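Below: one structure, written as structure tokens.
Bear in mind that the values in this text are calculations on the coordinates, not laboratory data. What you are looking at is a predicted structure, and each value in this text was computed from that prediction instead of being measured. No Cβ is skipped: glycine too gets one built from the backbone with ideal geometry, and neighbour counts run over all protein chains shown.
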């Protein structure tokens, strides 16, 4: 079966930043936040302080992945130049998404450079209160802050990718995504992690999916297993959430992705690819693994 991994991260060196302050890699795949918390970011076999593009490429190839979308966020740090270099090195494998802090003084100039000089096919923003902008900025209205970016992305044929965190977070604003989709019907929007539902969020997930039934809104299902921990493979609640999403928005709006590399500290790449496959027909799986991504992104 042909596969596109729609949620992949690479980085030259860990340099995350969020409400816990800056991240410093300390070796062996571990890192320390400025508040003192030590976290495992990488399986040691994949890297010490980096998840290099060559390592990523080889991992994807071993697992039968044809193409991948390189996304960014504060958790690992911004790596726009490195992502652009990766796309240039492996153009048949990768497309890249740029990112920047929308509150920065030079935000408009950065967007223009990412688009016109670095050739980013998508723009990705993590707003979550956990690891995104709302962990170190005041709470804000996502539609208001990203309205201008959404309009530019539509004009430039880019995909807008949003990680709004989980239900209950102030960043969780499906109504804002709805507004952006309505105001920019030609803009392709991808919502990360199927809205990141935890074990207690089934009703919030269903309500939000109903709100976001638009032709131009897609959902990647990366990290669904991570978010339903402590469940383990094959993640029955995660499977149920995906089936419910299929019933509400349609299987043609779901994009497979893994969110590597940090999720590989908890489970294997193969498990992240096959845990839900027994629930779908061959036609549905081919769309989720491959066909829908070609519609949502500019491959």
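Being in contact with a strand residue (DSSP E or B) (Cβ under 6 Å, 6 or more places away or on another chain), closer than 14 Å to residue 164 by Cα and not in a helix (DSSP H, G or I) is the filter here, so list the residues in segment 183-216 that pass it.
189, 190, 191
Are any residues in segment 217-238 assigned to a helix (DSSP H, G or I) and either farther than 18 Å from residue 6 by Cα or in contact with a strand residue (DSSP E or B) (Cβ under 8 Å, 6 or more places away or on another chain) (or both), and if so, which ones?
Answer for segment 217-238, where residues must be assigned to a helix (DSSP H, G or I) and either farther than 18 Å from residue 6 by Cα or in contact with a strand residue (DSSP E or B) (Cβ under 8 Å, 6 or more places away or on another chain) (or both): 236, 237.
So, in segment 109-142, how many residues would count as being farther than 21 Å from residue 197 by Cα and touching a residue at least 40 places away in the same chain (Cβ under 8 Å)?
Matching residues across segment 109-142 total 6.
Kindly list, by first and then second residue, each pair from a residue in segment 218-230 that is free of Cβ contacts under 8 Å to residues at least 40 places away in the same chain to a residue that is surrounded by fewer than 20 Cβ atoms within 10 Å (Cβ to Cβ) and in a loop (DSSP other than H, G, I, E, B), limited to pairs with Cβ atoms under 7 Å and residues at least 6 apart or on different chains.
Listed by first residue and then by second, the contacts come to 228/198; 228/199.
Is it fair to say residue 108 is part of a loop (DSSP other than H, G, I, E, B) and surrounded by fewer than 20 Cβ atoms within 10 Å (Cβ to Cβ)?
no
Quick check on my filter: what residues within segment 35-54 are surrounded by 14 or more Cβ atoms within 10 Å (Cβ to Cβ) and touching a residue at least 24 places away in the same chain (Cβ under 8 Å)?
Result: 41, 42, 43, 46, 47, 49, 50, 51, 52, 53.
Under 18 Å from the mean Cα position of the chain (by Cα), surrounded by fewer than 21 Cβ atoms within 10 Å (Cβ to Cβ) and farther than 27 Å from residue 178 by Cβ - does that describe any residue in segment 70-77?
Looking for residues that are under 18 Å from the mean Cα position of the chain (by Cα), surrounded by fewer than 21 Cβ atoms within 10 Å (Cβ to Cβ) and farther than 27 Å from residue 178 by Cβ, one finds at least one in segment 70-77, hence yes.
Looking only at segment 156-195, how many residues end up being in contact (Cβ under 8 Å) with a residue 40 or more places away in the chain and at positive phi?
3
Condition first: in a helix (DSSP H, G or I), out of contact with any helix residue (DSSP H, G or I) (no Cβ under 7 Å at 6 or more places or on another chain) and under 20 Å from residue 10 (Cα atoms). Now tell me which residues in segment 114-146 satisfy that.
115, 133
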